[in-house]
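Enquirer: Next up is a structure, given as structure tokens.
The values are calculated or read from the model by the stated rules, or taken from the named source; none is laboratory data. The structure displayed is predicted, hence computed values, not measured ones. When we count neighbours, we look across all protein chains shown, and the Cβ atoms used for this are built from the backbone with ideal geometry, even at glycine. Note: areas computed on protein heavy atoms with side chains; ligands, DNA, RNA excluded. Shrake-Rupley method; radii C 1.70, N 1.55, O 1.52, S 1.80 Å.
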Amino acid sequence: SIKAIESSSTEDDTMWLTYWVVYGVFSVVEFFSDIFLYWFPFYYAGKCLFLVWCMAPVTWNGSQVLYQNVIRPCFLRHHQTVDNMLGTLGTKA
């Protein structure tokens, strides 16, 4: 999904690809921290509001904000290493 977002051909799918990248990162973080988070009052209500903000059809929605400020810089910093590692694993498989 990140590769599709960063491609030169940006179409209508960019908004939803961005949402799914943010949702995927959120799900991985939540998987490891859920044992602590569910103790907080209104955690699930906050989670729902967060996901609605990520899907909101506005330019400042959560997906765009988080992708541009957190995920994209991290991806651009490490994408070559990840590509090399996946290439090595692919040849070994």
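Enquirer: Quick one: ranking Ser33, Ser63 by accessible area, 1.4 Å probe, largest first, what do you get?
Expert: Ser33, Ser63
Enquirer: Could I ask something else about it? Just the number please: accessible area per residue for the chain, 1.4 Å probe, all protein chains included, in Å².
Expert: Accessible surface, normalised per residue, equals 75 Å².
Enquirer: For Ala56, enumerate residues with amide H under 5 Å from its amide H, sequence gap 5+ or separate chain, H modeled in the peptide plane.
Expert: Gly62
Enquirer: Okay, moving on. Could you tell me the largest-minus-smallest coordinate of the C-alpha atoms of the chain on each of the three principal axes, in descending order and whole angstroms?
Expert: Projected onto its principal axes, the Cα set of the chain covers 47, 33, 21 Å.
Enquirer: Could you tell me what percent of the accessible area of the stretch 34-93 is made up of carbon and sulfur, with a 1.4 Å probe and every protein chain present?
Expert: Numbers: 3450 of 4730 Å².
The value for the stretch 34-93 is 73 percent carbon and sulfur by accessible area.
Enquirer: Using only the alpha-carbon atoms, how far is helix 13-37 inclined from the longest principal axis of the chain? Give it as 0 to 90 degrees, nearest 10.
Expert: 60 degrees
Enquirer: Mind giving me the FRET efficiency for Cys74 and Phe50? R0 is 22 Å, r the Cβ-Cβ distance, nearest 0.05 is fine.
Expert: So, using R0 = 22 Å, E works out to roughly 0.70.
Enquirer: Highest mean first, what order results for 75-88, 14-27, 43-56 on Cβ atoms within 10 Å?
Expert: In decreasing order of mean packing, 75-88, 14-27, 43-56 become 14-27, 43-56, 75-88.
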